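One structure is given here, and the rest of the page talks about it.
Quick note: the coordinates plus some simple rules give every number you see, no bench work behind them. Computed from a prediction, not measured in an experiment: that's the story for all the values here. All Cβ positions, glycine included, derive from the backbone under ideal geometry; neighbour counts span all protein chains shown.
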Amino acid sequence: MDADCGTQLQATVQEAVATKTVLRIQGGGSKNFYGRVSSGKPLELHKHRGILNYQPSELIITARSGTPLAEIETALAEHGQMLPFEPPHFGPSATLGGTIACGISGPRRPYTGAVRDFVLGIKIINGKGELLKFGGEVMKNVAGFDVSRLMVGSLGTLGILLDISLKILPKPQSELTLAFQTSPRQAITLLTDWNSCPVPLSAACYDGEQLRVRLSGSDTEVRVTRQKIGGTEEPDGSTFWERMREHRHDFFNDTAPLWRLSVPPATAPLNLPGQWIMDWGGAQRWLKNPLPAEVIRETVVRLGGHATLFRNGPRNGQVFHPLPPALLILHKRLKSAFDPHGILNRGRLYAEF
Amino acid sequence: MLTAQTALLDKQALLAALSEILPAQSVLERDEDLRPYECDGLTAYRALPGVVCLPETVAQVQKILRLCHSMHIPVVARGAGTGLSGGALPLPDGVLLSLAKFTRTLEIDLHNRVARVEPGVRNLAISQAVAPYGLYYAPDPSSQIACTIGGNVAENSGGVHCLKYGLTVHNVVGLKILTMDGELLELGGKTLDAPGYDLLALLHGSEGLLGVIVEVTVKLLPKPERAQVVLAAFSDVASAGEAVAAIIAAGIIPAGLEMMDRLATRAAEDFVHAGYPADAAALLLCELDGVNEEVSERIFEVRQLLLKAGATEVRTAKDEIERLKFWAGRKAAFPAVGRLAPDYYCMDGTIPRARLSEVLTRIAGLSETYNLPVANVFHAGDGNLHPLILYDANKPGELARAEEFGGEILELCVAVGGTITGEHGVGVEKLNQMCVQFNSTELAQFHALKDAFDPKHLLNPGKAVPTLHRCAEFGALHVHKGRLPFPELERF
């Protein structure tokens, strides 16, 4: 089933350049709901799949973009390793390429790092139909601009991802979830306190009543910390975090516009109507709210954050937070540097490119 | 191109305009005042800048950039000048923009565990400023006493703790930069991400080619409860390499994992008397940190792994003083090796760790061919190798031989699947090797990216990314395995 479709894909892009055809890049389709709607001729990547190199003792894996995320996670689990950014799948068809292009990280993000923190190298086809390789399979690499990390979260607007190399980490020996009945303000205070001393947190979420935290580390580290911070042990902690990560928690079962607010973690509970849930130790707040986008965005900007219309609501407006004029100009220039004919996922990120 | 050693065309007009922006003592233009700026940490390359500017406010930097932009004068930004690849080498026809006066800590936000600092704040000074709160800034390049955070971002500096705690890019959450036309951009902030492309990541390691960094927001970490270091001696380098792989395969991510070969170990021991076993062919330092009980368990585990891999001696530092002594030897390895010869040339390739033994054997072979000794210091955990080539610049031809030797080492790193630079940057030093690591389409993509930020090519021009013509010329001198690189380009 594994196959290298790089050459075919390159030919398709070159043809699209010649015929000025806009392409809509398609992986497993699990994150079609994300970003702006974009039209164009579908370019299927799911056949370009397979793990190319996995060396557990080197802490690296390289795989083709169409490789199912589940296949990669299974291979890593066999050696007691994991993708450190705990990516959401949002469906069984999720691929590695889509994960990198969307750049969405899971509950472990504030403590272990984001998708972009673990990308070491990348092979892409740019909008001119050129095959390019940046970075590699080594942990430290400062030769040339860091195009690999630039691709993360760019939603396919700069290049078609072919192969991706990632740094991976060993799975913690032990994990434990603790729950605390607490008020919103108290939840933030507790998190702030734990964050300023060496507590091995790996996830923290507050649903309006319960603060749940996950501890990860060696058996000893988890046991010692558990004694220090108290709380009630959640019997099925891993299921809880998986439900949070995959948006299968009851909160997400809704057709109302779902906003993702990225704010400084210690920000007090937001003065906005609507149901909310706090993840990432306070740095990521989910809000269900039919208010106009401007009202939400103004509030968040005052707090030093930004807001994304993550799911539902109109998908043809400003889904991502509007950029200041100078940054928007720079984005357009970068887009032309990689895709001068504007044929890759046009409008998926911002309407202007 | 560096060869364009033309002097400033209209120095008087520039000085007159600068006098409107800066007080007289903040503009240097006489040879004796310019001399301290003629090179950075890579002293083999020197040039006097046209003018040095020492602004102290963002508004001043903005005006200087706008002025240079309108007069078409190139600008080289400089922090502490500790860089090792000539990234801050001045241009005779340009302005050297020193950010040395930007030394204020603007905010320490304990709730969000970040500090907002100016670019000229020294790396170590950040950790010192937040130490009273039990916090620190993780990346610790060896030059941390002197190097500045702005320079760390420009080079994406590493250090001995980056296997566990990451590089600069993993520890900076926000930047304010000025583009060449004087536009102030905010990238990131106190949040964990920002809308749009990840320009925050892109700026890291961009070597001053994309923007001038005027503010940095860094992530602060709580100091671990305990740190402990184990020292192990090996009678051959291969076993030491196997020990490293065994530790990582066991699911342990040490806070630091460093290796030195015989020559580096001896030099360090003679220099700082760290208590290293002088007869070891390879020395490994493995630091574990975390909660007290956890560290004790891990130390036991690591000791077993080291012995199993064939360590001839394993020692755990008996107290904090001995731990610091063990590290002092490693951190002083460069100056220690520097005592063995009048000059040394430090390389910075990164390799897949599994190829270590093979690479070191090949380097030993090259050392004989070039008749120049080499000492190896290795960030073993992340594969970053620092071969130090010893030479004497006063002996005719030795510098050229050292450079050629160094070039071959870097090409060897690329050949085994690694990179020419792990943390020191390309600067002016590794431009030729960039032609080996990247093909002409990739280099053209880098140039297009640079154009998006700086269409007039005025920010640190001629550094980090070679022109295609340069690569064609280099390729003509340098045919690999019978294949001519850049066959599609005309030869000159």
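Observations
- Aspartates and glutamates with Cα under 15 Å of A:K228, excluding same-chain neighbours fewer than 8 positions away: A:D193, A:D219, B:E225, B:E293, B:E294
- Descending by average beta-carbon neighbour count within 10 Å, the peptides B:188-195, B:369-376 line up as B:188-195, B:369-376, the highest first.
- Annotation: peptides A:201-208, B:416-423, ranked by per-residue average of other Cβ atoms within 10 Å with the highest first, follow the order B:416-423, A:201-208.
- Rounded to 10°, Cα long-axis angle of helix B:398-415 versus longest principal axis of chain B: 70
- Rg(Cα) / (2.2 N^0.38 Å) computed for the protein assembly as shown, rounded to two decimals: 0.92
- Charge-dipole axis of chain B as Lys and Arg at +1 and Asp and Glu at -1 on Cβ define it, positive-most pick from B:A80, B:G407, B:V130: B:V130
- Working from Cα pairs under 8 Å separated by at least six residues, relative contact order for the range A:176-297 is 29 percent.
- For chain B, fraction of C-alpha pairs farther apart than 39 Å, in %: 25
- Normalising the average separation of contacting C-alpha pairs (under 8 angstrom, six or more residues apart) by the number of residues puts the relative contact order of chain B at 14 percent.
- With loop membership from DSSP and a limit of 15 other Cβ atoms within 10 Å, the longest segment of chain A without GluC sites (Glu not before Pro) is A:1-208.
- Tail beyond 18 Å, pair distance distribution of the range A:223-307 (Cα, percent): 52
- Computed on the range B:274-402, with alpha-carbon pairs under 8 angstrom and 6+ residues apart, the relative contact order is 22 percent.
- Most mobile listed residue (A:P87, A:P56, A:P110) in chain A, GNM with C-alpha springs under 10 Å: A:P56
- log10 of Debye I(q)/I(0), alpha-carbon scatterers only, for chain A at 0.08, 0.09, 0.12 Å⁻¹: -0.41, -0.52, -0.92
- With neighbours defined as other Cβ atoms within 10 Å of a residue's Cβ, the residues A:H79, A:H321 order from fewest to most as A:H79, A:H321.
- Other protein chain C-beta atoms within 10 Å of residue C-beta, averaged over B:445-458: 4.
- Distance violations [Cα-Cα > 26 Å] among A:K123/B:K430; A:K31/A:K288; A:K123/B:K176: A:K123/B:K176
- For the residues of A:214-225, the average number of beta carbons from a partner chain within 10 Å of their own beta carbon is 4.
- Here the simple spin-label model places points 7 Å from the Cα toward Cβ, and for A:I329 and B:H447 these points are separated by 2.4 nm.
- Between helix B:58-71 and chain B: long-axis angle, C-alpha atoms, 0 to 90°, nearest 10: 60
- For the pair A:S93 and A:E298, the difference between a 0.36 nm per residue extended length and the Cα-Cα distance amounts to 70.2 nm.
- For the options A:K228, A:K31, A:K128, a Gaussian network treatment of chain A with springs between C-alpha atoms closer than 10 Å singles out A:K228 as fluctuating the most.
- Helix A:219-229 and the long axis of chain A differ in direction by around 60°, with both axes built from C-alpha atoms.
- Helix content alone sets the calculated 222 nm mean residue ellipticity of chain A: runs of n ≥ 4 DSSP H residues at -39500 (n - 2.57) each, divided across all residues, give -8000 deg cm²/dmol.
- Proxy reagent accessibility, fewest Cβ within 10 Å first, across A:V22, B:V237, B:V117, A:V295: A:V295, A:V22, B:V237, B:V117
- Distance between modelled label sites at B:Q25 and B:D279, nm, 7 Å Cα→Cβ extension: 6.0
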